[in-house]
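Right, one structure below, let's go through it.
The values are calculated or read from the model by the stated rules, or taken from the named source; none is laboratory data. These numbers were taken from a predicted model, which means no experiment stands behind them. Neighbour counts run over all protein chains shown; Cβ positions are idealised from the backbone, glycine included. The protein model used for the area step is the full one, side chains on, heavy atoms only, and it has no ligands, DNA or RNA in it. Shrake-Rupley method; radii C 1.70, N 1.55, O 1.52, S 1.80 Å.
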Amino acid sequence: MMEITYKDIHDFDQQELQDLFLSVEWSSGHYPEKLVVAMKHFETVYTAWDGKKLVGLICAMDDGAMTAYVHYLLVRPEYQHLGIGKRLVEMMKEHYVDYLRIVIVAYNEELEFYQSCGFKKADDASPMFITSLWT
């Protein structure tokens with residue numbers, strides 16, 4: 001039986017981040033050197049480990065008082081549906097318990113998961129973004 005441990009760390013090597021991000025087919029996994037830098041700069045990063053294998057990650061930015069923005073939540077496919085994602089979200093909710101709002105941009109297929117974690121869909125807002133094409 002696997003034992004998942006959770007950590008509050010910001011330092012990763014490129015390979016472990018690349019492996020995790022590409023396991024869920026996220027294009028940011030093709031830029032592991034940028035992910036290493038990004039993780040150092042996120043205010044809050046929680047991770048899930050199976051031994052020395054990085055199996056899940058959540059990270060957020062915040063304004064120091066009122067609003068936190070969850071940027072990434074990902075769990076390796078073979079570790080999904082084991083409660084890891086929910087535990088990572090709970091850790092983030094506990095960390096930001098005194099904040100007015102925790103914001104996450106969810107894809108439609110993720111709505112049910114986030115609603116089960118206590119998030120509510122905005123009726124009067126839509127996520128918007130600009131994607132830079134890194135070369």
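Structure summary
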quantity	calculated
Gyration tensor verdict on the chain (Cα atoms; rounded if a/c is under 1.5, prolate if a/b is larger than b/c, oblate otherwise)	rounded
Relative contact order, percent, region 53-135 [alpha-carbon distance under 8 Å, six or more residues apart]	26
Straight-distance crosslink candidates among aspartates and glutamates, where the alpha carbon sits under 14 Å from K86 and sequence neighbours closer than 8 are dropped	E94, E110, E112
When each of K52/K93; K53/K120; K34/K120 is checked by Cα-Cα distance, pairs over 28 Å	K53/K120; K34/K120
Student exercise, the chain dipole from Lys, Arg, Asp, Glu Cβ charges, in Debye to nearest 20	40
Which of T47, T67, T5, T131 is most accessible, then next, and so on - probe 1.4 Å	T131, T5, T67, T47
Given 16 as the ceiling on other Cβ atoms within 10 Å, longest exposed-site-free region of the chain for GluC sites (Glu not before Pro) in DSSP loops	44-135
Carbon/sulfur fraction of accessible area - region 14-109, other protein chains in place, 1.4 Å, %	50
Low-density loop positions, trypsin sites (Lys or Arg not before Pro), region 1-105 - DSSP coil, at most 13 other Cβ in 10 Å	K52
Chain lengthening between L82 and D63 when straightened (0.36 nm per residue, less Cα-Cα)	3.7 nm
Shape call, region 1-63: gyration tensor on alpha carbons, a/c limit 1.5	oblate
